[in-house]
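Comments concern the structure below.
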Amino acid sequence: MNTTILRKSVLGIAGLAFAGGLAAGPLNHATTDTSTGEARPVAAVQADKADKTAGVDAGKLIPHGVQGAQSRIHLDPEQTANVKAIIAATKKAGLDERAAVISIGTALQESKLQNLGHLGDRNDHDSLGLFQQRPSSGWGSPEQITDPEYATTAFLKGLRQVDGWQDMALTDAAQTVQVSAYPDAYAQWEQQAADLVTQHWNNS
């Protein structure tokens, strides 16, 4: 994908179908208690000190601390496999753990880490896959976009074009690529994304 097409596609993403609420995700800043199914608030966590776990520097994962209350979901095996696919694609692209945190946080917001096909009446656009990318906006074919490695690589190409993305809050970096109707919604997933990178970076 050349730069011109990608930039057009980034602008085109503004047309994502948020009417159905899918891409927007939960905005209640809560986590789901898997035993009761009820949402409960999660305290914001600040990464003021580097906490090295499994060889991953937590201070690098969330360099400025999280913004606002955080949400968290339970992942099934398919979602976990998608996390590992995003991390593997990030490594293949030569990018670091912070890029993986931004990618996973974005996918948590856009699809809850589910590799979604076309949703028909629940989605009046052609948004697909982990990042809800649109074939009509130049992100690729439906087959490409629903391939986790391709979709992650396409997202990362957009991220690379964002000046200073390494020093941005997750929600700002993600929004610059995705052009969401809910620009602040990505922030709520930063802690879970960082936790997932910590857990899976060295075995993906």
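The values are calculated or read from the model by the stated rules, or taken from the named source; none is laboratory data. Just so it is clear, the model here is predicted, and its values are computed rather than measured. Quick reminder, even Gly has a Cβ in these numbers, built from the backbone with ideal geometry, and neighbours come from all protein chains shown. For the accessible areas, the whole protein counts, side chains as well, though only heavy atoms, and no ligand, DNA or RNA atoms are used. Shrake-Rupley method; radii C 1.70, N 1.55, O 1.52, S 1.80 Å.
Ignoring ligands, DNA and RNA, what percent of the accessible area of region 104-204 is carbon or sulfur (1.4 Å)? Walk me through the intermediate numbers first.
Numbers: 1710 of 3730 Å².
Ligands and nucleic acids excluded, carbon and sulfur give 46 percent.
How long, wide and thick is region 83-204, going by the Cα atoms along their three principal axes, in whole angstroms, largest first?
Projected onto its principal axes, the Cα set of region 83-204 covers 37, 28, 24 Å.
Sum up the charges of everything whose Cβ sits under 14 Å from the Cβ of Gly105, counting Lys and Arg as +1 and Asp and Glu as -1, but leave Gly105 out.
-3
Between Ala88 and Ala69, what length in nm is gained on full extension when 0.36 nm per residue of separation is reduced by their alpha carbon distance?
4.0 nm
Say each of Ser141 and Glu78 gets a label point 7 Å from the Cα, pointing the same way as Cα to Cβ; how far apart are those two points in nm?
2.3
Calculate, for Gln114 and Asn202, the FRET efficiency according to 1/(1 + (r/R0)^6) with r their C-beta to C-beta distance and R0 22 Å; round to the nearest 0.05. Walk me through the numbers before you get to the answer.
Details: r = 25 Å, r/R0 = 1.12.
For Gln114 and Asn202, the calculated efficiency is 0.35.
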